[in-house]
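Read through the structure below, which is laid out as structure tokens, and then see the notes.
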Amino acid sequence: MSRALIQLGTSLALACLQAACTQTQLEPGDGKPLYELSADEVVDPIPRPEKLVAAGNFSPYQVNGRTYRVMTTGAGYRERGVASWYGRKFHGRKTANGETFNAYLATAAHRSLPIPAWVRVTNLDNGRSMVVRVNDRGPFHPDRIIDLSYAAAVKLGFADLGTARVEVVAIDVPGSRDLRAGGLPGAPPAGYRYIQVGAFSQAESAYALGQRLQGQMSAPVAISEIVLGDGAFYRVRVGPVNDHQRLLALQSQLQTLGYTETRLMPD
């Protein structure tokens, strides 16, 4: 593959804000990592105070034509519903806050809790309970309330089932509330210069999207190849755009054009 094809313009990327979240049982092609854990190997993380950052907390945001808002604090949050899990397909990809998803760590995706957040998840079918750290967005399936990592699903005893009935309770970590007193950012911070439009396992699909965007956008468009182990995926990005208001306007334009699963990204 030629470098000229990969460099369609300047860049716009994917990640896995939504990638981890549109599952019925598991996302097509997803599954357990090559190394399967036992419940005894999964360690609960220790909650600690963390500052809220803009990454992953942009609010409101849209996915599949629906608008979601991020809570300014998770204090008092408690909800019962269905949990799903994600694993091999997303291992090594970026989460909503820019961290790297590790299927072997106890993490989760949630639609509205601030990122990062700490929650206790209890499997109502078997009574197992554990702490997980929320660092991603999703699930966007209407019948799910949280999407757990493979490791967390193993610890909670439903990795072989796909879903489970759970209770999710936010953990109020001492010190976090003061760190969050300023609320959530309403605009991208310095360093956010790209809009991710999509990511694909097939280069042809990425190139097709890139070609369409070049005829629709007034900003550069680029495709980049990301190598993960023996495989690769291709992400399509619009940018760089240094003016924050223009970046937001371009994101709004993309949503109007039907690209509803966009996300802002740093360099």
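Here are the numbers for this structure:
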{"item": "Karplus-derived HN-Hα couplings along segment 115-124 (A = 6.51, B = -1.76, C = 1.60, θ = phi - 60°), whole Hz, x at Gly and Pro", "result": "10, x, 9, 10, 9, 9, 10, 10, 6, 6"}
{"item": "Principal axis dimensions, largest first and in whole angstrom, of segment 39-179 by Cα", "result": "36, 35, 29"}
{"item": "Separation in nanometres of the label points that stand 7 Å from Cα toward Cβ, at GLU204 and ASP160", "result": "3.9 nm"}
{"item": "Placed amide H near VAL63: partners under 5 Å, 5+ positions off or other chain", "result": "TYR68"}
{"item": "Extension gain (nm, one decimal) between GLU225 and ASN242, 0.36 nm per residue minus Cα-Cα", "result": "3.8 nm"}
{"item": "Extension gain (nm, one decimal) between VAL53 and ASN102, 0.36 nm per residue minus Cα-Cα", "result": "15.6 nm"}
{"item": "Linear extension gain, ILE46 paired with GLN214, 0.36 nm per residue minus alpha-carbon span", "result": "55.9 nm"}
{"item": "Simple spin-label estimate for VAL169 and ASP267 in nanometres, 7 Å along Cα-Cβ", "result": "4.5 nm"}
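Quick note: the coordinates plus some simple rules give every number you see, no bench work behind them. Bear in mind the structure is a predicted one, so any value in this text is a computation, not a measurement. We place every Cβ from the backbone using ideal geometry, glycine too, and count neighbours over all the protein chains shown.
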